Structure formats: C-alpha cells, structure tokens
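Quick notes on the structure that follows.
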Amino acid sequence: MKPEQTLTRQDPRPPGATNLERRVKRQAWAPEHDLFAVTAPGLEPVCAHELVGLGADEARATPGGVLFRGRLDSLYAANLWLRSAGRVLLRLKDFRVRTWEDLLRQAASVPWEVWLGAGAQVRVRVALHESNLRHEGRITEEVFQAAANRLASLGLKPPRLIVGGGLEDQEDDGGDQAEAPNANGDQPPQTILVRGVDRRASLSLDGSGAHLHRRGYRLAPGPAPLREDLAAALLIFCDYDGDQPLLDPFCGAGTLAIEAGLIARRLAPGLARDFAFTAWPSFREPTWRHLRKQAQAATLPAPPRPIHARDVSAPALEACRANIRRAGLEGQIEVQRADFFSADPPPGPGLVVINPPYGHRLGSVRQAADLARRIGQRLRLAYPGWRVGLVLYRPEWAADLGLTQVRTLAAPHGGLKVSLLCGEVPA
C-alpha cells in the first residue's frame with residue numbers, strides 16, 4: 001500500500017475532548033488546591049483539629065469553616081473522615097472585584113471541563129455580603145453560561161441549569177434522605193458557589209453533595225435530635241477517643257452514643273455514602289478505592305471500652321436500637337432503660353455526655369434550669385472523677401453544674417445558639 005493510501009483510525013471522542021485526560025492531569029491532579037471545610041458557626045476549631053490530624057497543610061480556622069491546602073486526594077480524605085464538617089469545597093477562583101467584567105473574566109478562565117461532566121445538572125448558589133457584585137440572578141446566569149460555553153467549545157455536551165433547591169435544602173436537622181439519581185438515571189446536581197464579600201469574590205465547587213452529617217444511619221431521629229456533626233464535635237471537644245467508658249443517660253435516638261461508637265472503632269463516617277466528587281471528570285476511582293481500603297483496615301472490631309446508652313423512654317430506646325443497627329454497631333453499645341437520677345453509674349470513671357431535654361418538652365425555662373441544677377447535683381453525688389460533655393441551652397446554667405476545668409464552645413442547634421461544655425466532676 002502506498003503511503004498516501006494509508007488508512008487512519010478515526011478517534012471516536014468528540015472534537016476538542018481528545019486531550020481531556022491530559023487537562024485533568026495538569027489542571028486537577030498536578031497542583032495543590034485551596035480547599036474549604038464548611039462548619040456550623042463555632043465548630044471551626046474542632047474541624048481544624050480534625051484536619052491537622054488528617055495531615056492537612058495550613059489548616060486555618062476562619063468564620064464558617066477551615067481553609068486548607070492539598071491535592072484532590074486530600075479532598076477525598078476530608079469527605080471520608082471529617083466528623084464535624086458540613087461539606088468540603090474546592091476553591092476554583094479567588095479574586096478582587098472592581099467591575100462586573102472581573103467576574104465574567106474569572107468565570108470564563110475556569111477549566112470547567114475538568115470539574116463538570118458533559119451534560120451535568122448544575123446549580124449555582126450565590127451569597128453576597130456588602131459586595132461590589134449585585135443581582136444574584138444575573139450572576140447565576142453568567143457563571144453557568146461561562147461553564148456551558150467552555151464545554152461546548154470543546155465539543156462536549158453543555159451542562160443543564162437546575163433552578164431552585166440547593167445546599168440549604170440538604171442541611172436540615174432531619175434524617176438521612178440523601179439526594180439520589182432521578183428516574184432518568186441522572187446524577188444529583190453539581191453545585192457551584194459564588195461568594196462575594198466587599199471587594200473580593202470566589203468561585204467554588206461543592207465536593208460533598210448531601211450534607212456530611214448525613215451518615216446514613218439516622219432514619220429515626222426522635223424529638224429535637226442532636227445532629228451528627230454537632231454530636232461528634234462535642235465528643236472531639238471533650239477529647240473522647242474510645243479509650244474510656246462512655247455513658248449517655250438521655251440518649252434519645254442514640255446519636256451521641258453512635259458517634260462515640262464510630263470514633264471508638266476508628267470508623268470513617270463517610271464509608272457508607274456517596275459524594276459529589278465521584279461524578280467529576282477528574283475523579284480517580286483507584287485513588288478513592290485505596291483511601292476507602294485504608295480506612296477499612298484502620299477500623300477496630302469493637303469499641304475498646306464500654307459505651308452505654310440509657311433513657312427512660314421506651315419509644316426512644318426503640319429508635320436508638322434501630323439506628324445502632326443501621327450504623328453497624330449492633331451488640332457494641334449497651335442500651336438500657338434507666339433513670340439517670342436513680343440508676344447506678346456504670347464502672348468508671350469515664351465520660352458522661354448529655355443532651356438534656358429542653359423547650360416544650362419541659363414546659364418552661366424555669367423547669368429547664370431546674371433540670372440543669374438536678375443534673376449537676378446527680379453528677380457530683382454519683383459520678384465523682386468523671387468527665388462531662390453537655391449541651392447547654394443557656395450558658396448561665398454552667399455555674400449550676402459545679403464542674404471544674406470547664407471549657408465551652410458556642411454552636412447553633414435547632415434554631416438556637418447552644419454551648420458545648422466540657423468539664424470534670426470533682427473527685
């Protein structure tokens with residue numbers, strides 16, 4: 001065959017997409033990225049402590065979360081392991097805003113083909129605070145159009161804009177109904193976040209999807225449940241590591257006891273769920289599989305020391321047992337119907353964690369304050385030498401507990417601002 005007759009194999013990939021893998025390597029995996037772990041206000045120091053333990057570089061607490069740097073596997077690991085965070089964001093751009101064209105130029109310069117799959121469903125969420133930017137609707141349209149134009153220019157199917165809903169719909173205090181693919185098999189939407197504060201703005205991509213507090217086990221939340229991230233934050237704040245006995249005498253649906261079980265067994269809270277980053281074109285399945293395998297290898301077969309969940313309510317204990325089963329901790333947490341004010345403490349000393357009933361369940365602020373005093377009296381009488389972690393709905397009640405070495409951290413819970421308290425019962 002003459003050279004001019006040589007047949008060439010046609011590349012089946014769309015025009016402009018033939019070097020996508022090269023772009024992914026250069027834009028996504030080669031550099032370190034600015035990452036941001038979002039937390040409930042007040043939990044930033046706890047989350048920063050977790051990230052340092054994961055080996056994150058430059059973990060810096062800032063209002064609303066923790067800034068840190070790392071490659072994409074750091075984002076994977078943060079989603080897999082963080083207990084006190086709500087989600088993990090990839091910072092695509094951070095820039096100064098003088099005019100509207102600054103936003104247009106920065107949005108157009110993002111290599112969207114690396115982060116958004118062809119035809120992906122996309123939400124754009126805008127948050128402005130005394131910003132040079134205006135008109136949230138127009139910002140949404142322009143940022144989305146920049147992504148659509150970029151993919152179309154490379155011969156890729158443009159994304160589709162999803163209007164309505166967003167991150168706030170995934171951050172309630174209810175159960176674990178995570179967003180799932182729809183009837184057409186489409187993956188849950190990717191969320192782009194545009195934040196403008198004063199003369200700066202940022203573009204970020206949500207790497208988590210459903211809020212990280214949704215571990216997958218709490219389908220029976222009970223009345224006024226303590227959210228998983230807040231429960232874990234209280235335990236971490238009290239330096240709980242599973243090497244001492246733990247008692248939750250007002251366990252309700254069992255969130256505190258279950259989070260303690262996950263910590264004690266070194267179980268990564270994200271092992272049983274999916275994340276938004278798995279739908280990114282830059283996603284590397286082998287890397288994710290390796291991180292999950294490492295996490296599974298680090299898991300202990302059982303908590304090193306006993307974990308006790310007690311309550312006087314039979315329905316609450318029923319919900320607690322169901323949630324324990326879903327969390328994979330059946331037989332590893334002792335569930336017992338008992339009254340804190342009369343039952344003997346388990347062998348100790350150890351850590352008592354308490355999320356007391358409050359609000360309409362007690363009838364008045366005076367009754368709630370009286371309960372706080374009774375809890376303090378019972379602790380001093382029956383639990384000398386124990387450490388205590390407690391959710392307080394009024395900070396002034398801390399004085400009624402009679403504890404020493406008291407530390408507190410303010411955080412939101414159920415529409416209220418509460419204090420996470422850690423202290424010691426005098427021996």
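Among the residues of the stretch 121-137, none is identified as modelled with pLDDT of 95 or more and either acidic (Asp, Glu) or part of a helix (DSSP H, G or I) (or both). Across the stretch 321-360, the qualifying residues are those that are more than 15 Å from Arg310 (Cα to Cα) and out of contact with any helix residue (DSSP H, G or I) (no Cβ under 7 Å at 6 or more places or on another chain), and the one among them that is surrounded by the most Cβ atoms within 10 Å (Cβ to Cβ) is Gly350. Report, by residue number, each residue of the stretch 24-79 that is in a loop (DSSP other than H, G, I, E, B) and under 17 Å from the mean Cα position of the chain (by Cα). Matches in the stretch 24-79: Thr39, Ala40, Pro41, Gly42, Leu43, Leu54, Ala56, Pro63, Gly64. Criterion applied to Leu256, Leu271 was being within 16 Å of Leu80 (Cα to Cα) and of a type in the set (A, V, I, L, M, F, W, C), and the one residue passing it is Leu271.
Scan the stretch 297-314 and give yes if some residue there is at pLDDT below 95, loosely packed, with under 14 Cβ neighbours inside 10 Å and in a loop (DSSP other than H, G, I, E, B), otherwise no. Within the stretch 297-314, none of the residues are at pLDDT below 95, loosely packed, with under 14 Cβ neighbours inside 10 Å and in a loop (DSSP other than H, G, I, E, B). One residue stands out in the stretch 86-120 among those that are within 22 Å of the chain's Cα centre (by Cα) and either in a strand (DSSP E or B) or at pLDDT below 95 (or both): the one that is farthest from Glu32 (Cα to Cα), namely Arg87. Can you tell me which residue within the stretch 50-105, out of those that are aromatic (Phe, Trp, Tyr) and without any contact (Cβ under 8 Å) to a residue 40 or more places away in the chain, is farthest from Thr299 (Cα to Cα)? Ranking the qualifying residues of the stretch 50-105, first place goes to Trp100.
Screening Ala276 against (1) closer than 26 Å to Val406 by Cβ; (2) in contact (Cβ under 8 Å) with a residue 60 or more places away in the chain; (3) not β-branched (Val, Ile, Thr) leaves a single unmet condition, (1). Against the test of being crowded, with 22+ Cβ neighbours inside 10 Å, at negative phi, in contact with a strand residue (DSSP E or B) (Cβ under 8 Å, 6 or more places away or on another chain) and β-branched (Val, Ile, Thr), the options Val418, Val406 yield a single qualifying residue, Val418.
Restricting the stretch 369-416 to residues that are part of a strand (DSSP E or B) and free of Cβ contacts under 8 Å to residues at least 24 places away in the same chain leaves a set whose member that is farthest from Asp239 (Cα to Cα) is Leu416.
The values are calculated or read from the model by the stated rules, or taken from the named source; none is laboratory data. Source: prediction; values computed, not measured. Cβ coordinates were reconstructed from backbone atoms using ideal geometry, including for glycine residues, and neighbour counts include every protein chain displayed.
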